Amino acid sequence: MRLAAKLTAIVAVGLIVVFGTMTALNLWLQERATLKILQLNGMQLGDMVVAATRDGMLHNDRERIQATVEALAHRGKMGAIRTFPGGRHGGRGQ
């Protein structure tokens with residue numbers, strides 16, 4: 001095998017390794033960033049629901065709480081609202 005062919009093969013393998021590694025790193029970083037954004041959006045949404053239903057909860061007015069939750073659900077961005085029995089953590093950790 002000639003020197004040029006060996007050099008071409010080495011460079012090709014090196015480029016494949018570099019591009020593969022960088023692609024894997026990029027995918028990992030993008031996944032981390034996306035999960036962080038989703039986590040922050042979820043926390044903001046939860047805080048919004050708590051703030052919107054606070055008054056009704058303080059007065060134990062179930063109809064008002066239900067109306068507020070339904071109004072929030074019909075804003076268009078939410079697919080569904082699930083409530084968990086036992087408070088904020090679904091009864092865990094108590």
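Sequentially through the stretch 61-66, phi angles give Karplus couplings (6.51, -1.76, 1.60; θ = phi - 60°) of 9, 5, 5, 5, 5, 4 Hz, Gly and Pro residues having no value and appearing as x. Averaging Cα coordinates gives a centre for the stretch 25-45 and one for the stretch 1-16; these two points are 39 Å apart.
Couplings 3J(HN,Hα) for the stretch 19-25, derived from phi with the Karplus relation 6.51 cos²θ - 1.76 cosθ + 1.60 (θ = phi - 60°), are 5, x, 5, 5, 5, 4, 5 Hz, where x marks Gly and Pro.
FYI, it's all coordinate maths here, none of it is from the lab. The structure displayed is predicted, hence computed values, not measured ones.
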